[in-house]
Structures are given as C-alpha cells and as structure tokens.
1. Filter the stretch 176-215 down to residues that are under 23 Å from residue 240 (Cβ atoms) and either open to solvent by 30 Å² or more (accessible area, probe 1.4 Å) or of a type outside the set (S, T, N, Q) (or both), then give me how many there are.
2. Assuming residue 249 fulfils every condition listed in (1) in contact (Cβ under 8 Å) with a residue 24 or more places away in the chain; (2) out of contact with any helix residue (DSSP H, G or I) (no Cβ under 7 Å at 6 or more places or on another chain); (3) open to solvent by 10 Å² or more (accessible area, probe 1.4 Å) apart from one, which condition is it?
3. I'd like the full set of residues that are aliphatic (A, V, I, L, M) and crowded, with 18+ Cβ neighbours inside 10 Å, limited to the stretch 286-332.
4. Can you name the residue in the stretch 90-104 that is open to solvent by 30 Å² or more (accessible area, probe 1.4 Å) and either in contact with a Ser or Thr (Cβ under 7 Å, 6 or more places away or on another chain) or not hydrophobic (A, V, I, L, M, F, W, C) (or both) and, of all such residues, is nearest to residue 260 (Cα to Cα)?
5. Pull up the stretch 72-88, narrow it to residues that are open to solvent by 40 Å² or more (accessible area, probe 1.4 Å) and either in contact (Cβ under 8 Å) with a residue 40 or more places away in the chain or part of a loop (DSSP other than H, G, I, E, B) (or both), then point me to the one that is nearest to residue 102 (Cα to Cα).
6. Using the structure shown, decide if residue 147 is within 19 Å of the chain's Cα centre (by Cα), within 25 Å of residue 257 (Cβ to Cβ) and not in a loop (DSSP other than H, G, I, E, B).
7. Scan the stretch 260-284 for residues that are open to solvent by 40 Å² or more (accessible area, probe 1.4 Å) and touching a residue at least 40 places away in the same chain (Cβ under 8 Å) and report the count.
8. List the strands (runs of 3 or more DSSP E) inside the stretch 158-270, counting only whole elements, that have at least 1 residues being out of contact with any Phe, Trp or Tyr (no Cβ under 9 Å at 6 or more places or on another chain) and hydrophobic (A, V, I, L, M, F, W, C).
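The values are calculated or read from the model by the stated rules, or taken from the named source; none is laboratory data. From a predicted model like this one, the values you see are computed outputs, not experimental measurements. Note that each Cβ is placed from the backbone with ideal geometry, even for glycine, and that neighbours are counted across all protein chains shown. In case anyone asks, the SASA skips ligands and DNA or RNA and just uses the protein heavy atoms, side chains included. Shrake-Rupley method; radii C 1.70, N 1.55, O 1.52, S 1.80 Å.
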Amino acid sequence: MAAPPAAGAGPGPAPLLRITAECGRSRARAGELLLPHGPVPCPVFMPVGTRGTAKGITAAQLAALGCRICLGNTFHLGTRPGPELVRRAGGLHRFMDWPHNLLTDSGGFQMVSLAALAEVTEEGVCFCPPHGGPPLLLTPEKSIDIQKALGADIMMQLDDVVSSTTGGPRVEEAMERSVRWLDRCLAAHPPPQRQLLFAIVQGGLDPALRTRCLRAMTGRPVPGFAIGGLSGGEEKAQFWRMVKLSTDLLPPDKPRYLMGVGYATDLVVCVALGCDMFDCVFPTRTARFGSALVPWGSLQLKNQQFARDFRPIDENCGCPTCRRHSRAFLHALLRTDPAALHHLTVHNIAYQLKLMESIRESIQAQRFPQFVRDFMATMYGGGQAGVPPWVRDALGSVGITLD
C-alpha cells in the first residue's frame, strides 16, 4: 500500500464540520457542514440528481422543501451533456439553477451498476457508454477534471468499487487500488481547495481489509470520508457492523458520509452509529412505483383500497402534496398521468428531509434515544416486538435499548 503524502507537504484543508450537540448515550451528533454555498445542517439526507435534477421534482421545489445539498452524477453528466458544456454554462449550479450545495460522485459506482460495460485496470475504468459513442476511460485524474468542470462543492475520489456481496481476492485488490487512486486524485487536486475532496473507504465485508483501508486513508489530507461498498444486498447484520467499524476508526472532527443508504430505519440506526451524511435514489425511485413513504412504512397508492380514501397521504405531513391532494386523487392518476409520480416524489423527499430534521432536533434536545424508541414503535406496529434483530443489535452496540 502506498505511503501517505509527506507531513510537510502543505497545509491541510480548513475544518468542514462544526458539531453543536452529541447524544449522551449513542454516537449520534448534530451540527453543520460549512460549505461554499451555505451551511448544511447534519445529519443530512441528500437527494440524488443524476443528470442535474432529482427525477420528478424541480430544483426550486427541492429548495422550497428545505434541501440545501443534493447530488450530481459524474459519469452520466460527463458523458451527456459533457463537462465542457456544463463549464461553459457556468458550472452545474447555474446549469441546473441550484443556488445551494452540490456533491458529485466520482463515477466509481458505475463499475457495479454498469458492470457489463466496464473494464477495470490500474489506469482506470474503461466504459462502453450505454447511449453509444466511443469508449470512455475514466481515470482518477479524469474524474477530478470532470468534477472540477461541474463545480461541485464536494467531490468524491474515484474508487475501485465491487458489489458488497463479492468475496475473495478481488475485494482486497479493489481496496488497495482505491488507496492508490485516492493519492492520484489528491495529486490532481491538492488541498486546500474550494472544492472539497472526500476519500471513500472500501474493504467489503472483511473487517481486516476495511481496517487497513481506514488506517491508510485517514493518513491522507482530506476534509471528509465516505463509507463505501455497502448497502448492496449484504445481510443487515454484516452491514451495520461494517458501518460501526468505520465510525470507530474515522476522525471524530470530520464528516462521515454513508453512501447509498436511504431507508428510514437504516438512517435512524446509522445516525446512532455516528454517520452524518446519506444519499440514495430510494425516495424518488419508490415514488415512481406509486409508493408513498409514511412513518409506519409505506402506502402503495395503486391499491384499490385507496380509491375512495379522501385523506392526505399523511395527516401530519405539511408537504405541498399532503396539503392539496388526497389518496383517492393520487390513486386515480397513478395509472394514467405522470403528474401523480411528481406529487409522490415531492412527498417522499419531504418525508426524508423532515425525518432528518426530527433526528437533528432530538439530538440537540438530548432526547435522541427516546426518539429512536418512538420511531421504531411507530414503524413496526405500535410496539417493539416487530423490530428486526439487526436493529436491536446495532442500537444496543451504542447503548440504546428498545425495551
């Protein structure tokens, strides 16, 4: 494994995370990310905008719901419309008319999602673009160049990503290569910079490999860390243990970003384990299947039971959809009119953002453990008996009991 940059190589990045409250029992903490386009309260859920917009909702609507940071996809924006066009437009903020903060992924996840179109070597990953055209060689340097052109406030290193269910020597190879590629990303974008570069911890489900990666990457001068390579189909008992191992070893004064996590229960548990940032396509994708998120799970509004139900999705939700439309109205539209998917997307994003706001408030008020108990009782049927064992184990590991 490559050695970290020399200690005297230059000043480190300015502090990014301001912690304002910590749970007295678990590892949950609340604070702000001090970013170029304004402070972002955390823990925070970040909606995913693949091509410069979250599907089914406008940038103005995201802002009106209180969103202050969302994602763009480096691979997809880098292939179409391309970084030069976005640069000429004044960067992704202006291109998508978004005055708040942006995080761009590195393109590494497409090694999994587009595995049949990708070939990984030490140089980088060569993609056959899904929409045609010449092959694209995405190297660490090229990923940084694209992200610079996009102008995101937070950029992610290019990492070598394998499915979380992969085992064997490929996992170690990917972990070691991710450390080498981090050094190449740093060389292409040395700190301090206005655009902040995060490292991505790999190592699969192997505690020894993930520990080696953590020790190597925490020696690099980066302002934040992502926990990568999880939430891809592995058992939940493995998932939470790898999250906790990572938060055990990550610096307490830097943000911890758990990638690809968006289920409500997972968000609550992983905040308790010490994570600060999350992203996932789940709330927008599930809306496109007619599913509305609620504190007790979800409502599949295509079902006939909602045809004459004139209540809002959630009587305690103040989002534009719940203020104006009934379950019956949405049910009537769902099979014929894409407007219904838009209304559900607005609601689902509002639900995620409100959940994170409630989490933050409970941490600030020193009542997070009780918030967790109330959340689980509502989510799992008015009591604790239905709570999955992995949730009990994960929360118990940081001192929160549900009984």
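1. Here the count works out to 16.
2. Exception for residue 249: condition (2).
3. 287, 292, 293, 294, 299, 301, 313, 330
4. The extreme case among them is 100.
5. 87
6. Working: within 19 Å of the chain's Cα centre (by Cα): yes; within 25 Å of residue 257 (Cβ to Cβ): yes; not in a loop (DSSP other than H, G, I, E, B): yes.
Against the criterion (within 19 Å of the chain's Cα centre (by Cα), within 25 Å of residue 257 (Cβ to Cβ) and not in a loop (DSSP other than H, G, I, E, B)), residue 147 qualifies.
7. 1
8. Result: 196-201.
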